[in-house]
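The values are calculated or read from the model by the stated rules, or taken from the named source; none is laboratory data. Please read all numbers here as calculations on a predicted model, not as lab measurements. Here the Cβ is made from the backbone with ideal geometry for all residues, glycine too, and neighbour counts use every protein chain on show. For accessibility, only protein heavy atoms count, side chains too; no ligands or nucleic acids. Shrake-Rupley method; radii C 1.70, N 1.55, O 1.52, S 1.80 Å.
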Amino acid sequence: MTTLKMTVNTYSKKGRISPLLYGSFAEHLGRCIYDGIYLKNNPDVPNTDGIRNDIIEALKAIKLPVLRWPGGCFADEYHWRDGIGDKSKRKKMINTHWGGLVEDNSFGTHEFLQLCELIGCEPYIAGNLGSGTVQEMSEWIEYINSSEPSSVVQERIANGRKEPWNLKYFGVGNENWACGGNMRPQYYADLYRRYAVYCRNYGPNRLYKIACGPNSDDYDWTDKIMESITKDCSAISLHHYSWMTSQRATELSKDNYIKVIAKSRKMDELIERHGNIMAKYDPEHKLKLVVDEWGTWYKTEEGTNPRFLHQQSTMTDAIVAAGTLDIFNSWCNIVSMANIAQTVNVLQAVILTSGKQLIKTPTYHVFDIYKEHQNNMLLESYCENKRLDSDEQVNAISHSASIKEDGAVFITLSNASLDKEYEMDIELFGNHYENAEANILASDNYLSHNSYEEPEKIKKEAYSQYKLSDNRLFIKLPACSVIGMVLK
Ligand code: AHR
């Protein structure tokens, strides 16, 4: 077995790991909201005003910090007034982007904000710049956040909510380079400047305004946006998917497995290069990157509507998730939030549902392991690595290390190799550590996944294949595995 050296310096703190890096995204798409999070009518499944209790509990358990809604592409077709008031009178619209289904608007602003309150997470709303008016966007924020006795606020109170919600995170459009209006960057930037003026602050609450940033490696978009928007903006978004639409998740060939891992690891280069462009206009990096859509995107599952983007989630996705979260940690000074796409039943979902049943995917368990990084200080760490293959030049190991306020160190590691186990020889400089506790997510097959027949085939388990002495930790990192360990 090859030994790889790693060092962690507990005295060298590089920045705070915002909990918001561990966020999620729920769109009116396929079975994410309806027949996923929200049940229009299913008394057999325990729920709170239609919101599934098991989903609330599962998301609480991974300390979900923030949830983005209502889209995605749906956001720029969504008119918030259609989703408030008496449900029987709410407007029915066609969800043209996602399968042409009739959207009855039964899940709207109140329902979403209630969901976030039940989970205990921050809401992040994406506004409609593509097909909505400035007034509409402005009044949505007034409706949610104001406590003054305006007509809009009276309407909210009449709809059952007296206190404002104090929404903080607000996106001014989504993918306005494509489904959000097919705009050129200069045009979008001008619109952003106009719309953002009317996204007002109410009371002491301060909006964190997020402009539409680039698709993956569209560096020109970032350049042109940054040229025009540095004021009245807190962050720009970045979307990056690891596409493999020629194969289903559970049929992925080994070659395509490596390609998917390579695509996901590109996140590192994307953050670095977009970050460098942003620094040209904003050297102090006051504006941050919000990676509000990321994850795998495979061929959809057989027998499902292709526009519902329903896919299984395997150990491949776990390796993608672990590597990506390690990348976000490493860029915690530039990336202020990230949201995996999506929460339930769509793309790299953390949860899958069918009727009464609920499955936690391998990706869910990665979030469960990695939640220990939330709010810690990132530590300087270095790790020897091995290439996964010669063509893609992908590293097998991903890692990060962080320190809690009480001095405990948390280390995460993932091994993307499908056949090589490594022994990690980790040397800790600085504080002295005597106890370790570890959890692992592993399988001998990268296609392994949880199913309704075997919902717990892949799950986080306690792990003891390590030895700690004299501030040196030797730990076995099996092929296709993810480990999280706390040192005290
Ligand atoms: O997450 C699915 C879709 O991917 C979103 O609606 C859109 O923003 C992106 O293209």
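List of remarks:
- Range of Cα positions in the chain per principal axis (Å), largest first: 68, 53, 43
- DSSP-assigned coil residues among trypsin sites (Lys or Arg not before Pro) in the range 132-230, each with at most 14 further Cβ atoms within 10 Å: 162, 200, 206
- Rolled with a 1.4 Å probe across the full set of protein chains, the surface gives residue 358 an accessible area near 40 Å².
- Residue 248 long-range amide H proximity, modeled H, under 5 Å: 299
- Residues 69, 243 ordered from highest to lowest accessible area at a 1.4 Å probe: 243, 69.
- Compactness check for the range 1-90: Cα Rg over 2.2 N^0.38 Å is 1.64.
- What the chain shows is 39 Å² of accessible area per residue, with the surface traced by a 1.4 Å probe over protein heavy atoms.
- Once the C-beta distance of residue 307 and residue 488 is scaled by a Förster radius of 60 Å, the resulting FRET efficiency is 0.75 to the nearest 0.05.
- From the alpha carbon centroid of the range 160-212 to that of the range 320-351 is 22 Å.
- In the chain, excluding the sites themselves, the longest stretch lacking any of the GluC sites (Glu not before Pro) that are in a DSSP loop with at most 12 other Cβ atoms within 10 Å is 1-283.
- Estimated inter-spin distance, residue 45 and residue 220, nm [label 7 Å along Cα→Cβ]: 4.4
- Listed residue (290, 396, 330) projecting farthest to the positive dipole end of the range 243-402, Cβ model: 290
- Charge tally for residue 286 (other residues, Cβ to Cβ under 15 Å; Lys, Arg +1; Asp, Glu -1): +2.
- Separation of the residue 354 and residue 147 label points, Cα + 7 Å toward Cβ, nm: 4.8
- Each of residue 198 and residue 158 was given a label point 7 Å from its Cα along the Cα-to-Cβ line. The distance between the two points is 2.2 nm.
- Sorted from greatest to least, the principal axis extents spanned by the alpha carbons of the range 4-159 come out as 63, 40, 30 Å.
- Axis angle, to the nearest 10 degrees, between helix 134-145 and the longest C-alpha principal axis of the chain: 70 degrees.
- Isolated Cys residues of the chain, judged by Cβ distance under 4.7 Å to other cysteines: 32, 116, 121, 199, 212, 233, 332, 383, 480
- Between the range 458-488 and the range 51-110, the alpha-carbon center distance in angstrom: 40
- Using heavy atoms of the protein chains and a probe of 1.4 Å, the accessible area assigned to residue 413 is about 0 Å².
- C-alpha center-to-center spacing [the range 262-278, the range 362-426] in angstrom: 18
- Fraction of accessible area attributable to carbon and sulfur, the chain (%, probe 1.4 Å): 45
- log10 of Debye I(q)/I(0), alpha-carbon scatterers only, for the range 124-242 at 0.15 Å⁻¹: -0.66
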